[in-house]
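Participant: Pasting in a structure now, in structure tokens, and then I'll have a few things to ask.
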Amino acid sequence: MIKYFRTDDQRIHDEEKLDDGVWVQMIAPTAAECLMIAEDLNVDVEDIQAALDVEESSRIELQDGYTLILVDIPTVEIRHDKETYTTIPLGIILTQDVIVTVCTENTPVLKNFVANRVKEFSTKKRLRFVYQILFRTAATYQANLRSIDKKRTEIEEHIGNDTEDADLIELHELESTLVYFATSLRANSVVLDRLTRYKRLEQYQRTRSFWTT
């Protein structure tokens, strides 16, 4: 699925087609949709499809005419008939005129942007949009970690009275989730560090007042 959004006067609205200043949101796109956007923006279709591969690692790549950013974001999955946390890739492609996000899910990380709940959000301020996405990602990790810690405490209190196999399995799942999160956060940290150092990314600032408006 492909959706086009644009902000004007600090309000977000749908667009019918690709245009300057637009945010292209791709959710579990088909191969045909990936190829269409790749041809329209003159980017490598494999870079658009990168976020659809759960094995892809976080990274930032400066390509000819655009930049690819991949980060891991938290999500919920069903494991052993219970909801648990894991991570999936989120792809961000910056061109001179538009920003593209690609994910296998309609992630909560981006839902607040669509709902116009993020202050100072503009689809035209592409680099700032990236930083806002990373901030929302970090906030989601933090919320999930609080939930994990609460579950861990509840299980440990229960184990103190009567240990059951189900409790041990759930503790193991929580430990696995923490490993996923720790690995993903370290990789995201590297991306953020490189993002702040790459001078070329300044081209995605709409104006020189990018940081103050």
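The values are calculated or read from the model by the stated rules, or taken from the named source; none is laboratory data. None of the values given here were measured: they were computed from a predicted structure. Positions of Cβ are backbone-derived with ideal geometry, glycine not excepted, and every protein chain shown enters the neighbour counts. These area figures cover heavy atoms from the full protein model, side chains too; ligands, DNA and RNA do not enter into them. Shrake-Rupley method; radii C 1.70, N 1.55, O 1.52, S 1.80 Å.
Participant: Among the numbered criteria (1) among the acidic types (Asp, Glu); (2) more than 15 Å from the chain's Cα centre (by Cα); (3) under 20 Å from Asp53 (Cβ atoms), which one does Asp97 miss?
Facilitator: So Asp97 meets the others, but not (3).
Participant: Related question: Which one of these is loosely packed, with under 14 Cβ neighbours inside 10 Å, out of contact with any strand residue (DSSP E or B) (no Cβ under 8 Å at 6 or more places or on another chain) and not β-branched (Val, Ile, Thr): Arg128, Arg136, Arg117, Arg152?
Facilitator: Step by step, each of Arg128, Arg136, Arg117, Arg152 is checked, and only Arg117 is loosely packed, with under 14 Cβ neighbours inside 10 Å, out of contact with any strand residue (DSSP E or B) (no Cβ under 8 Å at 6 or more places or on another chain) and not β-branched (Val, Ile, Thr).
Participant: For the structure I just gave you, tell me whether Ser189 is open to solvent by 30 Å² or more (accessible area, probe 1.4 Å), over 24 Å from Ile27 (Cα atoms) and either at pLDDT 90 or above or of a type in the set (A, V, I, L, M) (or both).
Facilitator: On the way: open to solvent by 30 Å² or more (accessible area, probe 1.4 Å): yes; over 24 Å from Ile27 (Cα atoms): yes; either at pLDDT 90 or above or of a type in the set (A, V, I, L, M) (or both): yes.
Yes: the conditions hold for Ser189.
Participant: What is the residue count in region 39-50 for residues that are farther than 19 Å from Leu18 by Cβ and in contact with a Gly (Cβ under 9 Å, 6 or more places away or on another chain)?
Facilitator: Matching residues across region 39-50 total 1.
Participant: Turning to a different aspect of this structure: Among the residues in region 89-106, are any closer than 15 Å to Tyr180 by Cβ and in a strand (DSSP E or B)?
Facilitator: So far as region 89-106 goes, yes, one or more of its residues are closer than 15 Å to Tyr180 by Cβ and in a strand (DSSP E or B).
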